[in-house]
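One structure is given below, encoded as structure tokens.
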Amino acid sequence: MSLPFIVSQILPLAHFSNKKGITLINPQAVNLDAYKQKLEKAIKSYERRLNLVIWRALSQEERDKFKEDGPVQYMEHKEALLEALENLGWPISYEDVILLEDEILAALTYIQQASDLQEAVKKEIEKNAELHISKNKKVQIGRDKVFVTFKSQKVIARSDITGFYYPGTVTKNISPTCTLVDLSHGETWIVPLKFVIPVGGAMPYTYLQVGDYVFARTGTQTGNCYYVPAIVIATPKSVNVGAKLYTVLMFDNRKEHCVRSGLIKISQTKYAFSCQYIRMVQKVDYTM
């Protein structure tokens, strides 16, 4: 089995330069340890063949100079062996000897390159890991600083008692995770940031379609406005109840018609969590 065949079989995702260099397209997709083992096996095969061919070509007189019973290592006694072959008038082709030697040297080069690649891949993995950790830290720092942007911001904040969200204004940030909210009906609450949603200002309305999850404003007729989880079941284009009204199904299965400004788009997860929390606090009220 030739060395190029071994290399091509083990490294199908490699590019070879004219200087016998290897550039892997995807180093992590190649088993470099297996590749090196096959190269080492090939080297031993080439060395045995080269040692045996030269030993058989030597006369007994030349063999006696090495004081060994069998073939000697060509790479260790190169100059002496080449001189012996020259003294014998080259009983074997010089080109054949050099060809086998070149194969051995090439295999040794490939092994070194594979080791270098392994080291480079290891460093790249470590570098990417460090960048990932650094990025996560920056993201976490960014999250910790989100509360600063809420100062004086119009928001809706969740009530621990009802589970509904009420409009208000952030007046003070008391920690990286909690803020103080002055509600529109006069109360002041300390609310975790994850239960505070900014509204109003220059924030654009997101597009709503059937199936979207929202917080829907209700209770405006009594002056006690609040928001509850709902699902959009009809858009203004698909109903005949007014040019700008959306139809939503409230968490308690009531249908309501809302203007776009009375709807805040949320995720399915937040919708499900809000419905579950409302049912939980209502159940507590019923059992008290």
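Highest mean first, how do 184-197, 151-164 rank when packing is the count of other Cβ atoms within 10 Å averaged over residues? Don't skip to the end; give the middle numbers.
On the way: 184-197: 15.7, 151-164: 17.9.
Put in order of decreasing packing, that is 151-164, 184-197.
Quick one: Debye curve from the C-alpha atoms of the range 146-203, no solvent, what's log10 I(q)/I(0) at q = 0.31 Å⁻¹?
Evaluating at q = 0.31 Å⁻¹ gives log10 I(q)/I(0) of -1.45.
Hey, can you rank 169-181, 93-105 by average C-beta count inside 10 Å, highest first?
169-181, 93-105
Pairs of Cα atoms under 8 Å, at least six residues apart: use those to get the relative contact order of the range 146-203, whole percent. Numbers along the way, then the final one.
Numbers: 111 pairs, mean separation 19.7, N = 58.
This gives 34 percent for the range 146-203.
Take the cross-link list K38/K78; K41/K78; K78/K122 and give me the ones stretching past 31 Å between alpha-carbons.
Numbers: K38/K78 25 Å; K41/K78 21 Å; K78/K122 37 Å.
Pairs exceeding 31 Å: K78/K122.
Any read-out appearing in this document is the output of simple, stated calculations on the displayed coordinates, not a laboratory observation. All figures in this text were calculated on a predicted structure; none of them were measured in a lab. We place every Cβ from the backbone using ideal geometry, glycine too, and count neighbours over all the protein chains shown.
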